[in-house]
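Engineer: Structure provided below as structure tokens; questions to follow.
The values are calculated or read from the model by the stated rules, or taken from the named source; none is laboratory data. The structure presented is a predicted model; accordingly, all values stated were derived computationally and were not measured. A quick note on method: Cβ atoms are made from the backbone with ideal geometry, for glycine too, and the neighbour counts reach across all protein chains shown. Surface areas here come from the heavy atoms of the whole protein model, side chains and all, with no ligands, DNA or RNA. Shrake-Rupley method; radii C 1.70, N 1.55, O 1.52, S 1.80 Å.
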Amino acid sequence: MKPKNFQSSTRMQVKRKDTLNCFLLATLTLFSLGCSFKRVSRELVQVEEIKLNSQNNEYLKVHMQNGDVYIFHSWKVDKPNEIIFGFGNHLDYNRNLIETRGGTGLSPSESERIHTQFLIPFDEIVILETNQKGNNPGVAAMVLVGLTTGAFSLYCSINPKACFGSCPTFYVSGLDVQNLVGEGFSSSISKSFEDTDIDLIDLNMEDGAPLQLILKNEALETHLVNKVNLLSLRKNEVNRVFQSSNGDFHEVKDIENPLKATYHSQLITDFVATKDDKEWFSLADTFNLLKKETLFLEFSNPGVSSGLIIEKRQTLMTTFLFYHFFSLMGNASSHYLAGMETSEPGLSKKVRAFQELLGGIEVFYLNDKGNWIFLDKIAEDGPIVTDSHLVTLPLLDTPIIKIKLKLNQGLWRINTLNLAVLERKVAPEIHVPLQVKSNTTNLADTVALSKLKGDGYLVTFPGEAYTLDYGITYRKDREYFVESKGYYIEWMREEWLEDQNLQGARRAMLHPEKFLKEMALPFKAIEPKMEEIFWNTRISGNGTPGNDY
């Protein structure tokens with residue numbers, strides 16, 4: 001019998017799942033609404049992606065770097081010269097009207113000003129927001145953030161705070177199966193949070209098989225991908241390579257399971273000994289999402305330089321908290337997003353405070369004097385893919401190496417805790433894409449290739465996928481990593497607007513510790529079902545919820 005709160009979870013296998021019943025329900029509901037099915041959608045758009053037909057939108061709201069806002073009722077884009085021009089209102093940071101151009105009811109003496117349009121260069125713009133009436137599925141080429149409509153929101157209405165969300169996911173094809181191998185820049189929720197992420201491709205392929213990556217957007221988000229490179233590192237065929245928190249890559253050998261792993265004096269060794277379909281995790285505390293817990297590990301001391309291998313992913317606690325916080329912002333989310341990019345550095349700091357409070361996995365070792373010494377902290381976000389980390393240990397004289405892990409209760413799902421002998425540091429060879437093919441058209445996309453090679457961002461939307469060819473084949477004497485850089489912007493789900501509470505959002509930013517305590521009971525109410533709902537609301541390659549890979 002498994003100890004209480006020690007649960008085995010089957011890792012997601014990338015294959016078709018039966019989502020017919022839920023999808024039929026969503027489809028029937030759509031048909032029952034008939035032609036009267038109309039919603040107003042708010043969208044954020046990226047400047048570079050605006051199309052000339054964008055002026056058909058009802059209005060355009062332009063958030064500037066200095067905090068000002070322009071609201072256009074008539075506008076056009078001069079893409080070659082990177083300028084937006086049009087008529088409307090100019091408001092200052094406090095949303096006081098500065099000037100109106102092209103309005104109605106103006107005196108004849110102002111006729112010259114009427115016909116002088118506002119001209120705004122792209123490089124002074126942070127975010128664009130449009131409002132368009134009608135049956136808008138929210139997947140136009142320019143959309144960054146919008147209210148979703150149709151089957152997406154109906155399917156996610158099972159539980160809006162558990163709906164699938166993810167940065168770019170990376171797959172490798174092998175034996176007619178697409179294997180999920182990576183998840184990019186999970187905590188990069190806006191431009192100011194943009195980051196580079198490196199994930200081990202833990203996949204054993206046939207020697208000489210083509211090694212291509214499939215980049216997917218499987219969430220109700222817009223991804224802005226700056227680069228996706230492959231890193232290859234030479235090694236002995238029987239060894240492995242892992243990256244440490246300082247960025248170094250180490251070839252390791254003689255990987256050993258723990259002699260003993262305990263949680264509250266109960267053995268959990270079987271859950272963390274090998275990388276398999278079992279993960280160790282605990283459930284969150286009922287009254288405080290900041291409560292900490294401790295794991296204890298014991299290993300035989302190899303007597304040489306060694307390191308602790310931690311392979312883990314997050315639970316959906318952070319997903320729930322982020323979604324709830326986003327829902328509190330509601331229709332003001334664009335204002336907050338713009339604020340994080342401009343004159344409110346304190347706003348970004350407040351958002352980062354949530355990550356810092358929840359914390360990572362702190363690693364301690366017991367020295368020969370019986371004192372626990374802090375060694376490192378592993379804090380990479382992401383609930384999709386199990387990622388791998390190496391924590392290098394000092395040389396110890398004791399026959400047994402004792403390690404303590406301190407972590408937030410209910411935040412982590414740990415797959416493997418092993419000890420390995422360090423062989424040497426190795427340097428990666430960087431491979432950039434040589435060809436990018438759209439999985440929709442199955443044709444080479446030279447624009448996407450140019451974006452991933454440094455010419456801006458490849459912007460992807462729900463259900464879109466690209467195959468990246470690096471011109472290399474898999475070799476067993478190499479270890480492979482995917483290096484990605486970019487950021488994403490979350491779409492506002494219609495169901496979330498029911499929770500809009502700007503005072504609540506402000507209190508959450510001012511008092512994050514109190515907020516995380518208050519969120520314990522709401523999270524506990526959906527915690528048991530979150531994984532199931534999360535994975536079943538992944539957006540497939542044809543733009544509908546569910547897995548069809």
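Engineer: Sort out which residues of the stretch 224-248 are open to solvent by 10 Å² or more (accessible area, probe 1.4 Å) and either of a type in the set (Lys, Arg) or under 27 Å from Lys451 (Cβ atoms) (or both), and write them in order of number.
Structural biologist: Residues satisfying the conditions are Asn226, Lys227, Asn229, Arg234, Lys235, Arg240, Gln243, Gly247.
Engineer: Among (1) more than 25 Å from the chain's Cα centre (by Cα); (2) closer than 28 Å to Arg478 by Cβ; (3) open to solvent by less than 10 Å² (accessible area, probe 1.4 Å), where does Leu417 come up short?
Structural biologist: (1)
Engineer: Can you tell me which residue in the stretch 368-420 is farthest from Ala261 (Cα to Cα), limited to those that are among the small types (Gly, Ala, Ser) and without any contact (Cβ under 8 Å) to a residue 40 or more places away in the chain?
Structural biologist: Across the stretch 368-420, the extreme among qualifying residues is Ala379.
Engineer: Hey, another quick one. Tell me yes or no: at least one residue of the stretch 463-479 is surrounded by 18 or more Cβ atoms within 10 Å (Cβ to Cβ), over 30 Å from Arg240 (Cβ atoms) and at pLDDT below 95.
Structural biologist: So far as the stretch 463-479 goes, yes, one or more of its residues are surrounded by 18 or more Cβ atoms within 10 Å (Cβ to Cβ), over 30 Å from Arg240 (Cβ atoms) and at pLDDT below 95.
Engineer: Can you run down the residue pairs with Cβ atoms below 7 Å, 6 or more apart or on separate chains, where the first is in the stretch 85-100 and under 15 Å from Leu60 (Cβ atoms) and the partner is open to solvent by less than 40 Å² (accessible area, probe 1.4 Å) and of a type in the set (Gly, Ala, Ser)?
Structural biologist: That search, which allows pairs on different chains as well, returns Phe87/Gly102; Gly88/Gly102.
Engineer: Let me ask something else. Against the conditions (1) within 16 Å of Ile361 (Cβ to Cβ); (2) open to solvent by less than 70 Å² (accessible area, probe 1.4 Å), where does Leu396 fall short? Just the number, please.
Structural biologist: (1)
Engineer: Can you name the residue in the stretch 492-530 that is modelled with pLDDT of 85 or more and either in contact with a strand residue (DSSP E or B) (Cβ under 9 Å, 6 or more places away or on another chain) or aromatic (Phe, Trp, Tyr) (or both) and is also nearest to Phe326 (Cα to Cα) among such residues?
Structural biologist: Phe515
Engineer: Something else about it: Can you name the number of the only condition in (1) within 30 Å of Glu341 (Cα to Cα); (2) surrounded by fewer than 21 Cβ atoms within 10 Å (Cβ to Cβ) that Val482 fails?
Structural biologist: (2)
Engineer: Please verify whether the stretch 445-464 includes one or more residues that are in contact with an Asp or Glu (Cβ under 6 Å, 6 or more places away or on another chain) and aliphatic (A, V, I, L, M).
Structural biologist: yes
Engineer: So Lys437 clears everything in (1) modelled with pLDDT under 95; (2) basic (Lys, Arg); (3) part of a strand (DSSP E or B) except one condition, right? Which one?
Structural biologist: Among (1) modelled with pLDDT under 95; (2) basic (Lys, Arg); (3) part of a strand (DSSP E or B), the lone unmet condition for Lys437 is (1).
Engineer: Please specify each residue of the stretch 59-84 satisfying the condition of being among the acidic types (Asp, Glu) and either over 22 Å from Gly339 (Cα atoms) or in contact (Cβ under 8 Å) with a residue 40 or more places away in the chain (or both).
Structural biologist: Asp78, Glu82
Engineer: Another question, then. Test Val363 against the stated conditions and say whether it is at pLDDT 75 or above and under 28 Å from Glu531 (Cβ atoms).
Structural biologist: yes
Engineer: OK, next. Taking Val426 and the conditions (1) out of contact with any helix residue (DSSP H, G or I) (no Cβ under 9 Å at 6 or more places or on another chain); (2) open to solvent by less than 10 Å² (accessible area, probe 1.4 Å); (3) of a type in the set (Val, Ile, Thr), which numbered condition does it fall short on, given that it satisfies the others?
Structural biologist: (2)
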